[in-house]
Structure formats: C-alpha cells, structure tokens
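Working notes for the structure below.
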Amino acid sequence: MIRKLFPLVGVMAVLAAGIFAQSTPKGPNNSVRLTAFEAELNKFLDAAYEEDDKANGITRPRIVEKPVAAVKSSVAVNIVEVERLAFNMVNEKRVENGLQPLTWNDNVAKTARVHSASMAEFQFFSHKGLDSKMVSDRADANGVGKWRSIGENIAFNRGYQDPVTLTVQLWLDSPGHRRNMLSPDWKESAIGVAVTEDGAYYFTQVFLVRK
C-alpha cells in the first residue's frame, strides 16, 4: 500500500500595539495589529503565505486532501504526550542554541488546540481559521489575557513514523519558523495537536510575550 506523505508548515507572528501606538514589523512574518492597517496586513499575510508556500513546495489553496475511508490509524495516540514531546523538543533546540526554554502556558495550549482541532475537523491548513480569525483573535477568545506580541507555527503531516521529530525539523529548516522557535523574545508557549482517524497530525505552536 502506498502511503501519502504531506509535510506542510506555516508561520506567522503578530505584534500587538495600542490604538494610537506605532510599531515597525521586525521581519517578513511580523505585522502590526492595528485596525487601521487591516488592508495592508491582509496583503502582507497573503504575501507571507505565498513565500512560505514556495519554500515548501506547496500550491494554494492549502486544502488538505480528503482522507481515503479505507485508511485508518491503527495506533491510539496520547495527544497530551505528543504535545509535551514536541514542546520539549523545541525547548531542547533553544537550549542547544544558548536560549532560555519556553514556559508552558495552559491558556496558550487551549488556543493552540482549538486551531489544530479545527484544521483536522474541516480539512484545511492555514493560519486563518474558517471563521477568518487569526491567532491573536483565538488567544483573546481563550483567556490568554493581555499580551504584547504573539506568534504561531503550524504543521501537518501524514504517513511518517515519527511525526513529532519531522515537524520540529521542518520548523528548524524553514527560516520563518526557525525565527519563531529560536527567538529570544518569546517567553511562554504551548503546542496543540490533533490527530485524525487516518493518522494525519496537525500541530499548532503559539508563542507569547505578556505586557
């Protein structure tokens, strides 16, 4: 039986600012969270997605192919263990690069899980949810509280023996994801994972700096 392999990754970061404040994006995957800049932000995000797609050989729209009914995962997955394993692996890479490990935040985990579960249930892959909400909106809705900056890495794969190691390696190999993973600015984080019946893994890591 031929197993289909779909390694996909996505990255974004948002800087929060007061309504009259100004903030200059620090890199190609950062943007200012201001209502007045909404149109420019949308243009920026589209360009960032296209750039990330090209780097990873992905064509849009990034709708995940419907799973074949006959293909089922034969192994029960402990989601919490997978999340912690991925989180610890990211922290190991940070320590290897002379950085402080990130602190796990349960509310951030809830935010990450909501997005992974949504992508898995509705078979799509994007930072923007089907409700048009982004990570900043999901964080606000899930009780994260006041934050200064927030970022997100996402990944999807199916048919790999070690989906966690693959995901972390893909993030490391992508410049945008690597910047999020190894940024000294982030202090808190969590990873949310969803697994479908056919063995597809959806990862969302959310990074946070409080005010």
### Summary
Of Tyr201, Tyr160, the only residue that is in contact with a Pro (Cβ under 6 Å, 6 or more places away or on another chain) and open to solvent by 20 Å² or more (accessible area, probe 1.4 Å) is Tyr201
### Message
Suppose we filter the range 111-123 for residues that are open to solvent by 10 Å² or more (accessible area, probe 1.4 Å), of a type outside the set (S, T, N, Q), out of contact with any Gly (no Cβ under 6 Å at 6 or more places or on another chain) and more than 14 Å from Asn157 (Cβ to Cβ); how many remain?
### Response
4
### Message
farther than 15 Å from Leu8 by Cα and either open to solvent by less than 10 Å² (accessible area, probe 1.4 Å) or of a type in the set (S, T, N, Q) (or both): is that true of Ser174 in this structure?
### Response
no
### Task
Select, from Val135, Val77, Val71, Val64, the only residue that is hydrophobic (A, V, I, L, M, F, W, C) and either at pLDDT 90 or above or touching a His at 6+ places or on another chain (Cβ under 8 Å) (or both).
Val135
## Note on the structure
Counting only residues that are within 17 Å of Ser118 (Cβ to Cβ) and of a type in the set (A, V, I, L, M), the range 145-182 contains a total of 2
### Message
Consider the range 133-148. How many of its residues are within 15 Å of the chain's Cα centre (by Cα) and either in contact (Cβ under 8 Å) with a residue 12 or more places away in the chain or buried (at least 23 other Cβ atoms within 10 Å of the Cβ) (or both)?
### Response
5
## Note on the structure
The correct count of residues that are farther than 17 Å from Glu83 by Cα and in contact with a Leu (Cβ under 6 Å, 6 or more places away or on another chain) in the range 159-181 is 2
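The values are calculated or read from the model by the stated rules, or taken from the named source; none is laboratory data. The model shown is predicted, which means the values in this text are computed figures rather than measured ones. Here the Cβ is made from the backbone with ideal geometry for all residues, glycine too, and neighbour counts use every protein chain on show. These accessible areas exclude ligands, DNA and RNA; they are computed on the full protein's heavy atoms, side chains included. Shrake-Rupley method; radii C 1.70, N 1.55, O 1.52, S 1.80 Å.
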